[in-house]
1. Which condition breaks for residue 98 when tested against (1) surrounded by fewer than 17 Cβ atoms within 10 Å (Cβ to Cβ); (2) out of contact with any helix residue (DSSP H, G or I) (no Cβ under 8 Å at 6 or more places or on another chain); (3) farther than 15 Å from residue 33 by Cβ?
2. Mind checking whether some residue in the range 155-162 is at pLDDT below 95, assigned to a loop (DSSP other than H, G, I, E, B) and closer than 18 Å to residue 83 by Cβ?
3. Residues to consider are 21, 52, 10; find the one that is surrounded by 18 or more Cβ atoms within 10 Å (Cβ to Cβ), more than 14 Å from the chain's Cα centre (by Cα) and in contact (Cβ under 8 Å) with a residue 12 or more places away in the chain.
4. Report whether or not residue 87 is in contact with a strand residue (DSSP E or B) (Cβ under 9 Å, 6 or more places away or on another chain) and under 21 Å from residue 20 (Cα atoms).
5. Restricting to the range 80-101, name every residue that is modelled with pLDDT of 85 or more and not in a loop (DSSP other than H, G, I, E, B).
6. Being farther than 24 Å from residue 40 by Cα and free of Cβ contacts under 8 Å to residues at least 60 places away in the same chain is the filter here; which residues of the range 130-153 pass it?
7. Go over the candidates 112, 72, 46 one by one and state the one that is buried (at least 16 other Cβ atoms within 10 Å of the Cβ) and either closer than 14 Å to residue 21 by Cα or without any contact (Cβ under 8 Å) to a residue 24 or more places away in the chain (or both).
8. Checking residue 27 against (1) surrounded by fewer than 19 Cβ atoms within 10 Å (Cβ to Cβ); (2) over 14 Å from the mean Cα position of the chain (by Cα); (3) under 17 Å from residue 178 (Cα atoms): exactly one of these is not met. Which one?
């Protein structure tokens, strides 16, 4: 199974099962970095990127008012330095990319894309940003550049050394790479693990108006809400 592991200062940890939706080029199936909200509402192709490791947290709940018709949000995130993307919704069960875009034979995918599997897990992921208590949860290349030392130290040691960021490790079910983990290879006592939701998918699914689904499709070039 594919997993998301969140870590924060001090010794906080949360792990949940996610879906591995798109496979990026030369992917090892593992990415680690600061988790940052990312939207076309606040980022465009002309803004600077960063080499500091980060992961794009992308909401499927609304259409950006200035979404580009030339570049999709995944390519935009990749161009800004994102190692992977995590899709989520705080109103629906999941974000699903249609076969036309997800087909590797007809579409190229700029980076690994994962998705939460339930409304509960999406809400829990979003709620963890309260742990850091700073505006550092939204993509800002200058902020990431200024904090490169802190972020790289955390990823190297596997232990969060600063309360400024929420750190994420996304690991695909078929990963060929490895991640740092904690120093002793074990999760802390504060870890909360939620695997596949035991409730039926029919009970979890919430239908959305077709117009809203169409908006989501425009924003993500083939992304639907379920």
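1. Among (1) surrounded by fewer than 17 Cβ atoms within 10 Å (Cβ to Cβ); (2) out of contact with any helix residue (DSSP H, G or I) (no Cβ under 8 Å at 6 or more places or on another chain); (3) farther than 15 Å from residue 33 by Cβ, residue 98 violates only (2).
2. Here is the first cut: in the range 155-162, the ones at pLDDT below 95 are 155-162.
Within this subset, residues satisfying the condition of being assigned to a loop (DSSP other than H, G, I, E, B) are 158-162.
From what's left, closer than 18 Å to residue 83 by Cβ: 158, 160.
There is at least one residue in the range 155-162 that is at pLDDT below 95, assigned to a loop (DSSP other than H, G, I, E, B) and closer than 18 Å to residue 83 by Cβ.
3. That would be 52, the only listed residue that is surrounded by 18 or more Cβ atoms within 10 Å (Cβ to Cβ), more than 14 Å from the chain's Cα centre (by Cα) and in contact (Cβ under 8 Å) with a residue 12 or more places away in the chain.
4. For residue 87, the condition - in contact with a strand residue (DSSP E or B) (Cβ under 9 Å, 6 or more places away or on another chain) and under 21 Å from residue 20 (Cα atoms) - is met.
5. 82, 83, 84, 85, 86, 87, 88, 95, 96, 97
6. Passing the criteria: 149, 150, 153.
7. 112
8. Exception for residue 27: condition (1).
The values are calculated or read from the model by the stated rules, or taken from the named source; none is laboratory data. What you see is a predicted model; the values in this text were computed from it and never measured. Cβ: placed from backbone, ideal geometry, glycine included. Neighbour counts: every protein chain shown.
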